[in-house]
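Colleague: Before I ask anything, let me first share the structure, which is written out below as structure tokens.
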Amino acid sequence: MTRQNLGVLCLGLILAVSLYRWFYPLGTPRSSPVRRSGHSAPRFRVDPVDPKSGTSIVAEQHQVQTLGSSVASVHVASLCEPKPGTLAAVWYGGTREGARDVAVWFSTRTDNQWTEPVPIVTAETARRELGHHVRKVGNAVIFSDDTGRMSLLFVTITVGGWSGSSLCIKHSDDSGKTWTPSQRLVLSPFFNISELVKNGPTKLEGGGWVVPIYHELFGKFPELLWLDATGNPATAVRSRVFGGRTAFQPSLVALDSTHAVMLCRTASSQRDLFLTRTRDGGFSWSPPEPTGLPNSDSGIDAVRLGDGRLLLAFNDTPDGRANLRLAVSADAGKTWSRGPFVEKEPEAEFSYPFLLRARDGSIHLAYTWKREAIRVVSFNIPWLDARLPQSP
Amino acid sequence: MTRHLLSPTLLTEALVVLIATWLLAGILRLALRGKTVPRLDGMICAAALLVLMPWKGVSAAGWVAGATAGFSIPLLALVAHATGRMLGYRGFLRTSDLRDIGRGGLVLGVLLYPSALGWGPWEDTYQFGWMAYPDLLCVIWTLHLLRKGSHLGWILVLTLAFWLVQTLTGNRLGLMESTNLWDYLVDPVLVLVSIPLAFLKTDPEPEPRHLEAQPQTPPEQAPPAA
């Protein structure tokens, strides 16, 4: 057999395996727009709209809690509800944003009491677990599945600033007491840098997650990270929402199994919140359009309420982060009604809101309070509705 | 959760060991003024010791792995070739192969990086690396190179085989963290190295065997005139 024939034989084998993979895909989450032949379109898992949702409780409920940690500066909080009535929160904190001593802090709330925050990821632990150099850690997002298993997506930086970030993942099966070793996700071909996360994921039908992530190196744009139910990095894929430098740091809100809106922080000189839509489960997206709400180059988050309305938390100013406000849309993001201010103080910073709709329909809003603490505001729909302008 | 049988950065470690071997051999050759050609196995062992020894808890290879997502198989082949040459071996790549790698690296770089980094309104070509049909395109390209007799064809056979094993086993073997075909085919360093390689001038093609010079036969002599 000549060498050429041997090469053709090897290629034939590879081709056969490729074709097998094409028809019987392995690995990649079945529901993702990075589809192979035979894949169904991705479908979001959302609760059916209940117009009476939240109206059974007439009494307004509102509570403010402050989470501190023994560090000078904290930022970028996120929440999840691993078990009914229990909350878990993560955020990063250290001497300042981007310092090498920054750690990802974790705390849980049971019986309305938050536990003492503990660091669950530091640059040192990430370095040890990943087996390669990590200079610092940053943004982290926590989420949980139906069994209470928690997953933590977080940013590590080896070289440079935020644009040098890569995403890593770890999981906990025991309410955060122990965590699996960190694993890195490879999502960018350029030294795997500039992939970040800020807002929480949406569940997919049949298991798995779609996480709104973003890129900020030469361009600044939103992306989607598709994870299978186990959160295995080997099966993770990502897709682009749109490119360029219009908007980034997305918040994804599924309206039904195939329709969703994505609200994004501005990345352009136009100080507006941007919105884009999908009708096919995230496979294609409309061009980003300004919503008419201001954005001061600051993080936002949105969530769907039980009755189908959208709730947004944002800084209602084109400059600075001196207030934090809620807004509601009853028409899937076409128009917005401004709601109550959560915080308002000249020269202060209230930023990076994260919204969670709990199983009982109540809303929990976590945000950075003056960079000194993380605040969690919990309220119910009657409290929100009482503070919205009355529709004619 | 995936448990890797091997280090998830094994290919990066191999590349760094080869680069260290190349550097060590180069320094030794300079120091010895070319009198003795160092042995390959000894050099690789010395380089591996240097590269895999932990420093601040992380090996030199780990420091490189932290700043990258791994390197492509063609780059690994190029570095292995360069290391062999530095140690006095002939190397397994001809000038035409190097030029093929250079041209391939440049074309792949142009196709991948502008769109993957979000420049302009193009589709994100990187996500195609998780799909099935790019490997079919790659198979066609490899077939063309094998028919041409280019050694890059063999490198691509190896690349595709590596990648398929990785994806079929759900990356349980390790070797590399990525399961995207692009990461096995091209990386930013390869694109940089490809620029000079793409413009290499190759030696003229050898004459086909049947046209090679025949032994000269004396011209038939005319019969003497009667």
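The values are calculated or read from the model by the stated rules, or taken from the named source; none is laboratory data. Given the structure is predicted, the values throughout are model-derived calculations rather than measurements. Methodologically, a virtual Cβ is constructed for each residue, glycine included, from the backbone with ideal geometry; neighbour enumeration extends over all protein chains shown. The protein model used for the area step is the full one, side chains on, heavy atoms only, and it has no ligands, DNA or RNA in it. Shrake-Rupley method; radii C 1.70, N 1.55, O 1.52, S 1.80 Å.
Colleague: For the list (1) more than 8 Å from chain A (Cβ to nearest Cβ); (2) closer than 19 Å to A:A16 by Cβ, I need the number of the one condition that B:T142 fails.
Modeller: (1)
Yes/no per residue for (1) small (G, A, S); (2) modelled with pLDDT of 95 or more:
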| site | (1), (2) |
| --- | --- |
| A:G200 | yes, yes |
| A:P212 | no, yes |
| A:A236 | yes, no |
| A:L263 | no, yes |
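Colleague: Considering only the stretch B:42-59, how many residues are at the interface with chain A (Cβ under 10 Å from one of its Cβ atoms) and in contact (Cβ under 8 Å) with a residue 12 or more places away in the chain?
Modeller: 1
Colleague: Which ones in the stretch B:114-124 are on the phi < 0 side of the Ramachandran plot and either more than 7 Å from every other protein chain (Cβ to nearest Cβ) or open to solvent by 20 Å² or more (accessible area, probe 1.4 Å) (or both)?
Modeller: Going residue by residue through the stretch B:114-124, those that are on the phi < 0 side of the Ramachandran plot are B:114-117, B:119, B:121-124.
B:P114, B:S115, B:W119, B:P121, B:W122, B:E123 - these are the residues of the stretch B:114-124 that are on the phi < 0 side of the Ramachandran plot and either more than 7 Å from every other protein chain (Cβ to nearest Cβ) or open to solvent by 20 Å² or more (accessible area, probe 1.4 Å) (or both).
Colleague: Within the stretch A:310-328, is there a residue that is within 28 Å of B:Q127 (Cβ to Cβ), at pLDDT 95 or above and open to solvent by 10 Å² or more (accessible area, probe 1.4 Å)?
Modeller: Within the stretch A:310-328, none of the residues are within 28 Å of B:Q127 (Cβ to Cβ), at pLDDT 95 or above and open to solvent by 10 Å² or more (accessible area, probe 1.4 Å).
Colleague: I'm checking my understanding of the structure. Among residues of the stretch A:121-143 that are more than 8 Å from chain B (Cβ to nearest Cβ) and among the hydrophobic types (A, V, I, L, M, F, W, C), which one is surrounded by the fewest Cβ atoms within 10 Å (Cβ to Cβ)?
Modeller: A:A123
Colleague: Can I ask one more? Condition check: over 30 Å from A:L224 (Cβ atoms), within 14 Å of chain A (Cβ to nearest Cβ) and in a helix (DSSP H, G or I). Does B:G62 satisfy that?
Modeller: Values: over 30 Å from A:L224 (Cβ atoms): yes; within 14 Å of chain A (Cβ to nearest Cβ): yes; in a helix (DSSP H, G or I): yes.
When the stated conditions are applied, B:G62 passes them.
Colleague: Inspect all residues belonging to the stretch B:86-99 and state whether any of them is open to solvent by less than 20 Å² (accessible area, probe 1.4 Å), modelled with pLDDT under 90 and within 26 Å of B:I19 (Cβ to Cβ). Show your work before the answer.
Modeller: Restricting attention to the stretch B:86-99, the residues satisfying the condition of being open to solvent by less than 20 Å² (accessible area, probe 1.4 Å) are B:87, B:93, B:97.
Filter again for modelled with pLDDT under 90, leaving B:87.
In the following step, the residues that additionally are within 26 Å of B:I19 (Cβ to Cβ) were identified as B:87.
Yes, the stretch B:86-99 contains at least one residue that is open to solvent by less than 20 Å² (accessible area, probe 1.4 Å), modelled with pLDDT under 90 and within 26 Å of B:I19 (Cβ to Cβ).
Colleague: Quickly run through the stretch A:224-253 and pick out the residues that are more than 10 Å from every other protein chain (Cβ to nearest Cβ), open to solvent by 10 Å² or more (accessible area, probe 1.4 Å) and of a type in the set (V, I, T).
Modeller: Within the stretch A:224-253, A:T246 is the sole residue that qualifies.
Colleague: Regarding the stretch B:2-21, can at least one residue be identified that is more than 30 Å from A:C168 (Cα to Cα), away from chain A (no Cβ under 12 Å) and modelled with pLDDT of 85 or more?
Modeller: yes
Colleague: Check whether at least one residue in the stretch A:4-16 is more than 28 Å from the chain's Cα centre (by Cα), at pLDDT below 80 and assigned to a loop (DSSP other than H, G, I, E, B), and report yes or no. Step through it out loud before you land on a result.
Modeller: The initial filter retains those residues of the stretch A:4-16 that are more than 28 Å from the chain's Cα centre (by Cα), namely A:4-16.
With at pLDDT below 80 added as a condition, the list becomes A:4-16.
Now narrow it down to the ones that are assigned to a loop (DSSP other than H, G, I, E, B): none.
The answer is no; no qualifying residue exists.
Colleague: Still on this structure, I have one more. Just wondering, is there one or more residues in the stretch B:125-136 that are farther than 19 Å from A:F221 by Cβ, open to solvent by 20 Å² or more (accessible area, probe 1.4 Å) and at the interface with chain A (Cβ under 8 Å from one of its Cβ atoms)? Don't jump to the end; show me each part of the working.
Modeller: First pass over the stretch B:125-136, keeping only residues farther than 19 Å from A:F221 by Cβ: B:131-136.
Those still in the list that are open to solvent by 20 Å² or more (accessible area, probe 1.4 Å) too: B:133-134, B:136.
Filter once more, keeping what is at the interface with chain A (Cβ under 8 Å from one of its Cβ atoms): B:133, B:136.
For the stretch B:125-136, residues farther than 19 Å from A:F221 by Cβ, open to solvent by 20 Å² or more (accessible area, probe 1.4 Å) and at the interface with chain A (Cβ under 8 Å from one of its Cβ atoms): present.
Colleague: Let me ask you something else. Which strands (runs of 3 or more DSSP E) does the stretch A:58-137 wholly contain that include 2 or more residues that are polar (S, T, N, Q)? Working first, answer last.
Modeller: Details: elements: A:62-67, A:73-80, A:87-94, A:103-110, A:118-122.
Correct list: A:62-67, A:73-80, A:103-110.
Colleague: Let me ask something additional. Only one of (1) more than 9 Å from chain B (Cβ to nearest Cβ); (2) buried (at least 18 other Cβ atoms within 10 Å of the Cβ); (3) free of Cβ contacts under 8 Å to residues at least 60 places away in the same chain; (4) of a type outside the set (K, R) is not met by A:D173, so which one is it?
Modeller: It is condition (2) that A:D173 fails.
Colleague: Identify the single condition in (1) of a type in the set (A, V, I, L, M); (2) in contact with a Ser or Thr (Cβ under 7 Å, 6 or more places away or on another chain); (3) part of a strand (DSSP E or B); (4) within 24 Å of A:A59 (Cβ to Cβ) that A:L388 does not satisfy, given that it satisfies every other one.
Modeller: Answer for A:L388: the failing condition is (3).
Colleague: Working only within the stretch B:145-162, note down all residues that are of a type outside the set (G, A, S), surrounded by fewer than 21 Cβ atoms within 10 Å (Cβ to Cβ), at the interface with chain A (Cβ under 8 Å from one of its Cβ atoms) and closer than 12 Å to B:I73 by Cα.
Modeller: Of everything in the stretch B:145-162, just one residue is of a type outside the set (G, A, S), surrounded by fewer than 21 Cβ atoms within 10 Å (Cβ to Cβ), at the interface with chain A (Cβ under 8 Å from one of its Cβ atoms) and closer than 12 Å to B:I73 by Cα, namely B:W154.
Colleague: Residue by residue through the stretch A:157-170, note down the ones that are more than 10 Å from chain B (Cβ to nearest Cβ) and open to solvent by 10 Å² or more (accessible area, probe 1.4 Å).
Modeller: Within the stretch A:157-170, A:G161, A:W162, A:S163 qualify.
Colleague: Among the candidates A:E216, A:E289, which residue alone is out of contact with any Pro (no Cβ under 9 Å at 6 or more places or on another chain) and within 10 Å of chain B (Cβ to nearest Cβ)?
Modeller: On the way: A:E289 fails: within 10 Å of chain B (Cβ to nearest Cβ).
Of A:E216, A:E289, the one residue that is out of contact with any Pro (no Cβ under 9 Å at 6 or more places or on another chain) and within 10 Å of chain B (Cβ to nearest Cβ) is A:E216.
Colleague: Need at least 2 residues that are touching a residue at least 60 places away in the same chain (Cβ under 8 Å) and aromatic (F, W, Y) per element, so show me which helices (runs of 4 or more DSSP H) inside the stretch B:100-205 make the cut, counting only ones lying wholly within it.
Modeller: Values: elements: B:133-148, B:151-168, B:181-185, B:188-198.
The helices (runs of 4 or more DSSP H) meeting that bar are B:181-185.
Colleague: For the stretch B:65-96, how many residues are within 14 Å of chain A (Cβ to nearest Cβ) and either assigned to a helix (DSSP H, G or I) or β-branched (V, I, T) (or both)?
Modeller: Final tally of qualifying residues: 5.
Colleague: Could you list, in sequence order, the residues of the stretch A:102-154 that are touching a helix residue (DSSP H, G or I) at 6+ places or on another chain (Cβ under 6 Å) and farther than 22 Å from A:V74 by Cα? Spell out how you get there, then give the answer.
Modeller: Taking the stretch A:102-154 first, the residues touching a helix residue (DSSP H, G or I) at 6+ places or on another chain (Cβ under 6 Å) are A:131-134, A:136-137.
A:G131, A:H132, A:H133 - these are the residues of the stretch A:102-154 that are touching a helix residue (DSSP H, G or I) at 6+ places or on another chain (Cβ under 6 Å) and farther than 22 Å from A:V74 by Cα.
Colleague: For residues that are surrounded by 17 or more Cβ atoms within 10 Å (Cβ to Cβ) and within 24 Å of A:R371 (Cβ to Cβ), tally how many sit in the stretch A:269-292.
Modeller: Kept after step one, since they are surrounded by 17 or more Cβ atoms within 10 Å (Cβ to Cβ), are these residues of the stretch A:269-292: A:272-278, A:281-282, A:285, A:288, A:290-291.
Then drop every residue that is not within 24 Å of A:R371 (Cβ to Cβ), which leaves A:273.
Going through the stretch A:269-292 one residue at a time, the tally reaches 1.
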